[in-house]
Every structure is written in structure tokens, then in C-alpha cells.
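Please read the structure below before turning to the comments.
The values are calculated or read from the model by the stated rules, or taken from the named source; none is laboratory data. On a predicted model such as this, the values are computed, not experimentally measured, just so you know. Neighbour counts run over all protein chains shown; Cβ positions are idealised from the backbone, glycine included.
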């Protein structure tokens, strides 16, 4: 019985929610998917959404490079022995972008970053499903971007169990 419960937990851990495919975007140092305003990060999600444009993402990515280079090196690795260096490998992360409206009415883009989607069992269908993993160190991280202010908020790098 314990084995079955453990197996069930492992099979469901880190799974996301089915979504319709979004718009694939590519730049010199990034690739990812823009999810439409219909995306819900969680089934109970009631946040107002909007759909970022490719131009919004291009501006965000330009700003992200500068933001990351200004961060102390230690702040970009959660548990140094687990996962890649975000600063050194920024362009190699696959991104998922979802727009939402803040309580102040500001347009924010949530950026979900996943390392090595080709070999990650949780990220097989990353263009059509929001990937949510609660472990894995710097292989998984996310950040929020205020479009009007061109500012980043709440950088979060996963921990390691």
C-alpha cells in the first residue's frame, strides 16, 4: 500500500494543467511559449489574464539579461550543487509566459523557466501545458515582469528536497 501511495505521489508530483497550445516565440537568447489569456495556472485560479505579444516578450527578454547580470551570483543558484548556473545558461532555459493583471491594475508577465525540456519527464508537453515543479533547484525558476515599469518582481528559484 505504501508503495502505491508513493508511486501515485511521484506520478502526480510536478504535473501541470492541460492548456491549449500557445504561440511559440524565439529570439537570439530565448525560446518559449506565450499562453493566451485563457490560461489558468491552477484550476481554482480567478486572476484576470491578458495575452502578452511577441514584442512584449522581446522587451522583457532584453531587460532580463541586464537584470540577471546585476544580481549577486549567490542569489542565482539555490543549492549550488543542484542545477545549472542561471546567469551562465540564461538563454538555454525554455520559457512559458502568462500575462495577468495585478490588484493595482498593472499588466504583469509571469515567466516560468525550465531547464532541459527535452529530457525532463515533467516538461514533455511544455508548449501546451503549464509546467509546475516544486523541487529541482535552479533547473526550475520563475519571475514576474511589470510591463509598464519594465521591472522584475519576485525572482524565485526552486529548492531541493
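Miscellaneous remarks
- Filtered by the rule that a residue be closer than 20 Å to residue 45 by Cβ and touching a residue at least 60 places away in the same chain (Cβ under 8 Å), the stretch 112-137 gives 122, 126, 127, 128, 129, 130, 131, 132, 133, 134.
- In the stretch 138-151, of all residues being under 23 Å from residue 40 (Cβ atoms) and assigned to a strand (DSSP E or B), the one that is nearest to the chain's Cα centre (by Cα) corresponds to 142.
- Restricting attention to the stretch 26-52, the residues that are within 20 Å of residue 133 (Cα to Cα), modelled with pLDDT of 95 or more and out of contact with any helix residue (DSSP H, G or I) (no Cβ under 9 Å at 6 or more places or on another chain) total 2.
- Pairs with Cβ under 8 Å, 6+ apart, first in the stretch 56-70 and on the phi < 0 side of the Ramachandran plot, second part of a helix (DSSP H, G or I): 64/90; 65/90; 68/76; 68/90
- Checking every residue in the stretch 92-101 against the condition of being more than 12 Å from the chain's Cα centre (by Cα), within 20 Å of residue 28 (Cβ to Cβ), at pLDDT 90 or above and not in a strand (DSSP E or B) gives at least one match.
- Taken over the stretch 133-152, the residue count meeting the criterion of being surrounded by fewer than 17 Cβ atoms within 10 Å (Cβ to Cβ) and modelled with pLDDT under 95 is 2.
- Evaluation of residue 144 against the conditions (1) in contact with a helix residue (DSSP H, G or I) (Cβ under 6 Å, 6 or more places away or on another chain); (2) touching a residue at least 24 places away in the same chain (Cβ under 8 Å) shows that the sole unmet condition is (1).
- Scan of the stretch 31-50 for residues that are part of a loop (DSSP other than H, G, I, E, B) and surrounded by fewer than 17 Cβ atoms within 10 Å (Cβ to Cβ), ordered by number: 36, 37, 38, 40, 42, 43, 44, 45, 46, 47, 48
- Screening 80, 55 for residues that are surrounded by fewer than 14 Cβ atoms within 10 Å (Cβ to Cβ), outside any strand (DSSP E or B) and either at pLDDT 95 or above or touching a helix residue (DSSP H, G or I) at 6+ places or on another chain (Cβ under 7 Å) (or both) leaves exactly one candidate, 55.
- As for the stretch 131-139, it holds at least one residue that is over 21 Å from residue 31 (Cβ atoms) and in contact with a strand residue (DSSP E or B) (Cβ under 9 Å, 6 or more places away or on another chain).
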